[in-house]
Amino acid sequence: MRMKKKKHGPERRALLSALTTENILALYENKEKIYGNNNPLRIEIGCGKGDFVCGKSKKEPNYNYLAIEKIADVSTLATENYARDRGLGDLAANGGWQTPDGKIYPLGEVVDFGDLDLGNVRFTVGDAKELLPTLPDNCCDAIYVNFCDPWPKKGHTKRRLTYIEFLKMYSRLLTPDGKFYFKTDNRPLFDFSLEEVEKAPFTLEYHTFDLHSSEMDAENIRTEYERNFSAKGFSINMLIGKNNK
């Protein structure tokens, strides 16, 4: 189901522009200044409302995260959820953003977070197919794809984020020991993905057809989507591919 267009979406996104980037290459080249450290970078493709990246960034804080989302309104929600979870304030009752000290920034302004710690996640809007080629080789140590569009029609195979050409691009971006993580509730897509990984410059390090009953679930970050579909009886599939370039 498509998300209803959010009112004042661009203005809401502009409020939290300290947490977003429009140029991921510039972010990478200036990551020490932007993140405040030189920790390794990790990338999530299709971050949705931000459940995964918020949870992962807290659980493994010694990494920096770039969360890519194609739909601007969804990315805005993810950014707001992260800021709220980070203790950077919340949406103001009459619009705008209210910081922890009570100051309200109305729509049309940009929040000045001052000395507050913005944490280790930044968000960007765009198509991964167009954005990722701008990044250099060996720029990240993990790439996550969670519950992407399965593109079930045969003519749409090349659009799947686990298609061989995407996997080759992930391999280029990952460090030699980097890993690709994939989760989906769609079994045909998962079967397809297993076959593609075998053809790609990855070693299939792990896979399961029932993540929530596996030993890996202890480390799993469950998204809202994942919880909902699991409750409906869908098994969650997961694979980990280790870069072998």
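3J(HN,Hα) along the range 59-67, derived from phi through the Karplus expression 6.51 cos²θ - 1.76 cosθ + 1.60 where θ = phi - 60°, amounts to 6, 10, x, 8, 9, 9, 10, 10, 9 Hz, with x in place of Gly and Pro. Given the choices (i) 53, 40, 36; (ii) 44, 44, 34; (iii) 48, 40, 33, Cα extents along the principal axes in Å derived from the coordinates of this structure is entry (i).
From the mean inverse distance of alpha carbon pairs (Kirkwood) and the Cα radius of gyration, derive Rg over Rh for the range 20-142.
0.96
For the range 136-177, trypsin sites (Lys or Arg not before Pro) meeting the loop criterion (DSSP other than H, G, I, E, B) and having at most 11 other Cβ atoms within 10 Å: K153. The GluC sites (Glu not before Pro) of the range 41-137 that DSSP puts in a loop, and whose beta carbon has at most 13 other beta carbons within 10 Å, are E109. For each pair in K7/K31; K158/K245; K5/K31; K31/K179; K129/K232; K58/K158, compute the distance between the two Cα atoms and list the pairs where it is over 25 Å. Going by Cα-Cα distance, K7/K31; K5/K31; K129/K232; K58/K158 fall outside the 25 Å limit. Applying 1/(1 + (r/R0)^6) with r as the Cβ-Cβ distance of D117 and L91 and R0 = 22 angstrom yields a FRET efficiency of 0.65. Cα to Cα, under 13 Å, and not fewer than 8 places away if on the same chain: which aspartates and glutamates meet these conditions relative to K49? The qualifying aspartates and glutamates are E69, D73, E80, D85, E224, E226. A Förster distance of 51 Å, applied to the separation of the beta-carbon atoms of N244 and V110, puts the FRET efficiency at 0.70. Seen from all directions on average, the range 136-245 presents a Cα convex hull projection of 6.9 nm². Using C-alpha pairs under 8 Å with a sequence gap of at least 6, the mean separation divided by the residue count of the range 136-245 gives a relative contact order of 34 percent. Relative to the longest principal axis of the Cα atoms of the chain, the long axis of helix 164-173 lies at roughly 60 degrees. As a length-normalised measure over Cα pairs under 8 Å and 6 or more apart, the relative contact order of the range 31-136 settles at 29 percent. Taking the longest Cα principal axis of the chain as reference, the axis of helix 187-199 is set at about 70 degrees.
Relative to the dominant Cα principal axis of the chain, helix 72-85 is inclined by about 70°.
Taken together, the values in this text are just the output of simple stated rules run on the coordinates, not laboratory data. The structure displayed is predicted, hence computed values, not measured ones. Positions of Cβ are generated from backbone atoms using ideal geometry, with glycine treated the same way; all protein chains shown enter the neighbour counts.
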